[in-house]
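Contents: one structure, followed by commentary.
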Number of protein chains: 2
Amino acid sequence: MVRKTREAALETRNALLDTAELVFSEKGVSATTLADIASAAGVTRGAIYWHFKNKADLFDAMCDRVRLPLEEITAASAEDEVADPLAALLGNLEYLYHKVTTDEHFYRVFDVLFNKCEFVDSLGPIVERDTRVREQFRLRIQRIFSNAVQRGLLPADTDVALVVNAYMAYSKGILRNWLLEPGAFDLHRDGTRMVAAFMESLRTSDAFRQLG
Amino acid sequence: MVRKTREAALETRNALLDTAELVFSEKGVSATTLADIASAAGVTRGAIYWHFKNKADLFDAMCDRVRLPLEEITAASAEDEVADPLAALLGNLEYLYHKVTTDEHFYRVFDVLFNKCEFVDSLGPIVERDTRVREQFRLRIQRIFSNAVQRGLLPADTDVALVVNAYMAYSKGILRNWLLEPGAFDLHRDGTRMVAAFMESLRTSDAFRQLG
DNA sequence: GCAATCATACATTCATGTATGTATAATCAA
DNA sequence: TTGATTATACATACATGAATGTATGATTGC
């Protein structure tokens, strides 16, 4: 019983990635063996080694299925020309929160990335790319808030660097805590409320002004 | 060359825990072998198996050196009798941020706990206890904010549950992001500013009021 | 016929746990 | 005080299992 059509091969590849999400989420990345994934997917390790180089490569491919559509979304949001950059940023985040709550792939992959794997060099070039992605993300957020200051949406003496770090910590912390306890609150509704309050406080609170 | 005095034995035990912090932080918990820790500490695995049952037990003891003094601090803050519970909470968090930036043990253990280990059952009863600690923590935060509402420090229609989740996500996200990039901002100064702005926004923002 | 898509079999490495050895400190008897 | 005894604090050696990577085999589409 050996599948041969290219369609069927892609099917098993996707099934392997689906299963990897599940097993990684349950047992953690480093604790799961390739035999675990293979048996859970109803195949043997031979199938895995045919489609992927090793566990790191499989992990990488699993992340790509989430990262690629996510990059399209954030890239699609025209950053400089938009009238209200803060509202656009909040809208993007709201979409992410919505995606994580409704798309099981997003949910599991983020769960694995945040709580079920160790960000050390053993994962190969994954950590490096994550660092680069984070730098890109930081620059993008920085531009958005600077843009908001220039447009008068935020006070002129806003401490943009502080705001950027606060936003990254808050938005990520909300997602991360929800993944740990999905029943604690409604990520889409309440997460958006939290960040909306944060956006509001940028205008009202003196704590975000530059230190004299 | 075999040490024998109880003093020397405690010395090697502490040295093992110190080394475990370093190696765990560098290679991740599951990727480090007991031989790694032993050789880095200048002993053999025999020393580890004498002082600890296995890697999970060693990990547990490493966490205890941080958890125990931390519990003393939070327990020492009288919760119900304090005049301004929000200020006391902020003070506690500021102390934690201060500790993490100045005490290398706190820094490394939190780094390991947040970014260098997988919270799965393979760590034994550690995950269960972490869940219990989180529940206790949630209850404590809940009491603090409810107390603040009753004392009129926060609006009467404050959505306490939402505030609790927001505080936990924010305060933890700040710490976690700083651990990933310690150079991004000053945790003690800026982290406190961020949470102070959050506390302020609880009074001013409508987003934290209960939904009609 | 060949090449793709797996399954199977095998060799290697490696971490763990335990068993044993050993030298010294602590304890105690005389 | 001293010598013998015992438990301590490790080091060393060994057995086991398990995961990996690869090599090879088998089957089928093209």
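The values are calculated or read from the model by the stated rules, or taken from the named source; none is laboratory data. These figures come from a predicted structure and were not determined experimentally. Neighbour counts are summed over all protein chains in view; Cβ atoms, including those assigned to glycine, are modelled from backbone coordinates with ideal geometry. Quick note on the areas: whole protein, heavy atoms, side chains included, nothing else; ligands and nucleic acids left out. Shrake-Rupley method; radii C 1.70, N 1.55, O 1.52, S 1.80 Å.
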Tell me which residues, restricted to region B:192-212, are assigned to a helix (DSSP H, G or I) and hydroxyl-bearing (S, T, Y).
-> B:T192, B:S201, B:T204
Considering B:A56, B:A38, which residue is closer than 21 Å to B:H105 by Cβ, in contact with a helix residue (DSSP H, G or I) (Cβ under 6 Å, 6 or more places away or on another chain) and within 11 Å of DNA strand D (Cβ to nearest atom)?
-> B:A38
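Assess whether A:E71 counts as being open to solvent by 30 Å² or more (accessible area, probe 1.4 Å), free of Cβ contacts under 8 Å to residues at least 12 places away in the same chain, assigned by TED's automatic domain parsing to the domain that holds A:G152 and not in a helix (DSSP H, G or I).
No: the conditions fail for A:E71.
So that you can scan it fast, the table gives a plain yes or no per residue for (1) out of contact with any helix residue (DSSP H, G or I) (no Cβ under 9 Å at 6 or more places or on another chain); (2) more than 8 Å from DNA strand D (Cβ to nearest atom):
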{"site": "A:K4", "(1), (2)": "yes, no"}
{"site": "A:N14", "(1), (2)": "no, yes"}
{"site": "A:D18", "(1), (2)": "no, yes"}
{"site": "A:E21", "(1), (2)": "no, yes"}
{"site": "A:T32", "(1), (2)": "no, no"}
Can you spot a residue in region B:122-132 that is more than 20 Å from B:F106 (Cβ to Cβ), open to solvent by less than 60 Å² (accessible area, probe 1.4 Å) and assigned to a loop (DSSP other than H, G, I, E, B)?
-> yes
Given (1) open to solvent by less than 50 Å² (accessible area, probe 1.4 Å); (2) within 14 Å of another protein chain (Cβ to nearest Cβ), B:F137 misses just (1)
How many residues are among the β-branched types (V, I, T) and open to solvent by 20 Å² or more (accessible area, probe 1.4 Å) when one looks only at region B:193-212?
-> 1
Kindly establish whether A:L96 is more than 14 Å from every other protein chain (Cβ to nearest Cβ) and surrounded by 19 or more Cβ atoms within 10 Å (Cβ to Cβ).
-> yes
Quickly run through region A:150-180 and pick out the residues that are farther than 21 Å from A:D103 by Cβ, in contact with a helix residue (DSSP H, G or I) (Cβ under 8 Å, 6 or more places away or on another chain), open to solvent by 30 Å² or more (accessible area, probe 1.4 Å) and part of a helix (DSSP H, G or I).
-> A:A161
Can you name the condition, by its number, that A:E118 falls short on among (1) touching a Phe, Trp or Tyr at 6+ places or on another chain (Cβ under 7 Å); (2) within 12 Å of chain B (Cβ to nearest Cβ)?
-> (1)
Here the residues within region A:192-211 that are of a type in the set (A, V, I, L, M) and within 25 Å of the chain's Cα centre (by Cα) are A:M194, A:V195, A:A196, A:A197, A:M199, A:L202
In region A:181-191, what residues are facing chain B (nearest Cβ under 9 Å) and either within 18 Å of the chain's Cα centre (by Cα) or not in a loop (DSSP other than H, G, I, E, B) (or both)?
-> A:E181, A:R189, A:D190, A:G191
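Residues checked against (1) away from DNA strand C (no atom under 14 Å from the Cβ); (2) within 30 Å of B:K116 (Cα to Cα):
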| site | (1), (2) |
| --- | --- |
| A:V43 | no, no |
| A:G46 | no, no |
| A:Y49 | no, yes |
| A:F52 | no, yes |
| A:F59 | yes, yes |
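Residue by residue, here is whether (1) touching a helix residue (DSSP H, G or I) at 6+ places or on another chain (Cβ under 7 Å); (2) at pLDDT 95 or above holds:
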{"residue": "B:H51", "(1), (2)": "yes, yes"}
{"residue": "B:A76", "(1), (2)": "no, no"}
{"residue": "B:E79", "(1), (2)": "yes, no"}
{"residue": "B:D84", "(1), (2)": "no, no"}
{"residue": "B:D103", "(1), (2)": "no, yes"}
{"residue": "B:F106", "(1), (2)": "yes, yes"}
{"residue": "B:F110", "(1), (2)": "yes, yes"}
{"residue": "B:G124", "(1), (2)": "yes, no"}
{"residue": "B:R134", "(1), (2)": "no, no"}
Between a first residue in region B:96-111 that is assigned by TED's automatic domain parsing to the domain that holds B:E181 and over 16 Å from B:S25 (Cα atoms) and a second residue that is open to solvent by less than 70 Å² (accessible area, probe 1.4 Å) and in a helix (DSSP H, G or I), which pairs have beta carbons less than 6 Å apart while being 6 or more apart in sequence or on different chains?
-> B:Y97/B:L187; B:Y97/B:H188; B:Y97/B:G191; B:H98/B:H188; B:K99/B:F106
